Amino acid sequence: MDGAASVGNILGSVFRHADVPNITWQEMLLSLAAAVVLSIPARSWRYFGLIATATHELGHAFAAVTTGQRLSGIRLRLDHSGTTTTYGRSRLAAAWSCFWGYPVPALVGAVFVWCGLNGWGTAAMAASALVLAVSLLFLRNLAGFAITATAIAATALPAVLAPPAAAGHMAVILGVALLVAAVRDLLKLAQVHTRRRDRLASSDAYLLYRATAVPSAIWIMLFTLLVAGSWLAAWQPISAILLAGA
């Protein structure tokens with residue numbers, strides 16, 4: 001009984017609203033710099049890009065579940081590729097789940113930024129850890145388990161151990177890093193369609209074209225619009241803090 005009460009207390013503490021952190025423009029610049037360090041240099045991208053891939057594949061998986069498809073398994077690989085296998089009879093449902101890969105890291109990134117700036121940073125980190133923990137049930141390779149376990153630790157530990165203000169900063173850093181990752185992945189997708197057409201079979205936009213006859217360029221444009229909208233939503237509160245210190 002005491003153990004259940006302890007778990008309940010922990011969950012109650014991490015999922016409640018905290019005081020809105022007073023983030024100065026200097027702290028925001030440091031958070032942006034940390035996000036850039038995570039997502040831009042090749043050496044750090046080698047590792048953080050795996051988190052972006054996991055988010056991408058979870059986007060496919062969640063979209064599939066919401067349309068009644070059967071989720072067979074998720075594979076994450078150390079070369080930043082991934083595969084989500086689903087089964088369903090509807091071509092429209094299959095196209096829906098195929099679409100929600102590239103936009104999801106940006107959408108999640110914008111949510112993290114909002115949560116971090118509005119007192120929900122700890123809750124955002126804890127919710128991410130829980131979603132990742134559930135995804136363990138569907139992973140089908142060792143690399144996927146290793147990547148996901150690392151991501152769970154990276155989100156669960158700050159949620160439980162870090163003060164709410166620190167968790168808020170971490171949520172902002174992770175959010176911006178995911179937004180940058182979404183742009184990187186879009187650029188990589190564009191390269192597949194312009195310079196590396198031998199890899200078209202790995203492109204979600206090409207798979208959507210095969211499923212719907214709608215040109216790949218249209219799908220890439222829709223991906224871009226959602227990523228740009230996520231950036232706009234996240235950048236407004238960030239820019240307000242930066243301008244306040246100008």
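Taking 0.36 nm per residue of separation and subtracting the current Cα-Cα distance, fully stretching the chain between Trp25 and Ser239 would add 76.1 nm. May I ask you to list, by number, the DSSP H helices of the chain whose Cα span along the axis is at least 15 Å and whose average Kyte-Doolittle hydropathy reaches 1.6 or more? Counting only whole DSSP H runs, the qualifying helices are 103-117, 121-135, 142-161, 216-244.
Each residue of the stretch 72-84 was assigned a 3J(HN,Hα) from its phi angle through the Karplus expression (A = 6.51, B = -1.76, C = 1.60, θ = phi - 60°), giving 7, x, 10, 10, 10, 10, 6, 8, 6, 9, x, 9, 10 Hz with x at Gly and Pro. Taking all protein chains together and rolling a 1.4 Å probe, Ile241 ends up with roughly 40 Å² accessible. Among Gly68, Gly119, Gly49, the largest mean-square fluctuation in a Gaussian network model of the chain, built with springs joining Cα atoms closer than 10 Å, belongs to Gly68. Which one, Pro158, Ala123, Ser97, projects farthest toward the positive side of the charge dipole computed for the stretch 31-245 from Cβ point charges (K/R +1, D/E -1)? It is Ser97. Among residues other than Gln191 with Cβ under 15 Å from its Cβ, the summed charge is +3 (Lys and Arg +1, Asp and Glu -1).
Phe62 exposes around 140 Å² of accessible area when a 1.4 Å probe is run over every protein chain in place. For Leu136, the solvent-accessible surface with a 1.4 Å probe is about 50 Å², rounded to the nearest 10.
Taking Cα centre as origin and charging only the Cβ of basic (Lys, Arg, +1) and acidic (Asp, Glu, -1) residues, the dipole magnitude of the chain rounds to 1000 debye.
Where q = 0.11, 0.17 Å⁻¹, what log10 of I(q)/I(0) comes from the Debye formula for the chain, counting one point per Cα? Here the Debye-derived log intensity ratios amount to -0.60, -1.31. Given a 1.4 angstrom probe, I'd like the percentage of the accessible area of the stretch 31-245 that is carbon and sulfur, rounded to a whole number. After summing per-atom areas, the C and S share lands at 69 percent. Only helical runs count toward this figure. For the chain, summing -39,500 (n - 2.57) over DSSP H runs of n ≥ 4 and dividing by all residues gives -25000 deg cm²/dmol at 222 nm. Spin-label model, Arg16 to Ser44: label points 7 Å out along the Cα-to-beta-carbon direction sit 3.4 nm apart.
The equivalent ellipsoid that matches the C-alpha gyration tensor of the stretch 134-246 spans semi-axes of 32, 24, 11 angstrom, in descending order.
Stretching the chain fully between Ala228 and Thr83 yields a gain of 49.7 nm (0.36 nm per residue, less the alpha carbon separation).
With contacts taken as Cα pairs under 8 Å and at least 6 residues apart, the stretch 18-101 reaches a relative contact order of 26 percent. Sequence-distant contacts, meaning Cα pairs under 8 Å at least 6 residues apart, place the relative contact order of the stretch 104-189 at 52 percent.
Over the chain, accessible surface divided per residue gives 53 Å², non-protein components excluded, 1.4 Å probe.
The values are calculated or read from the model by the stated rules, or taken from the named source; none is laboratory data. If you're wondering where the values come from, they're calculated on a predicted model, not measured in any experiment. Glycine gets a Cβ as well: all are built from the backbone with ideal geometry, and neighbour counts include every protein chain shown. Ligands, DNA and RNA are stripped out before the accessible areas are found, and what is left, the full protein with its side chains, is counted by its heavy atoms. Shrake-Rupley method; radii C 1.70, N 1.55, O 1.52, S 1.80 Å.
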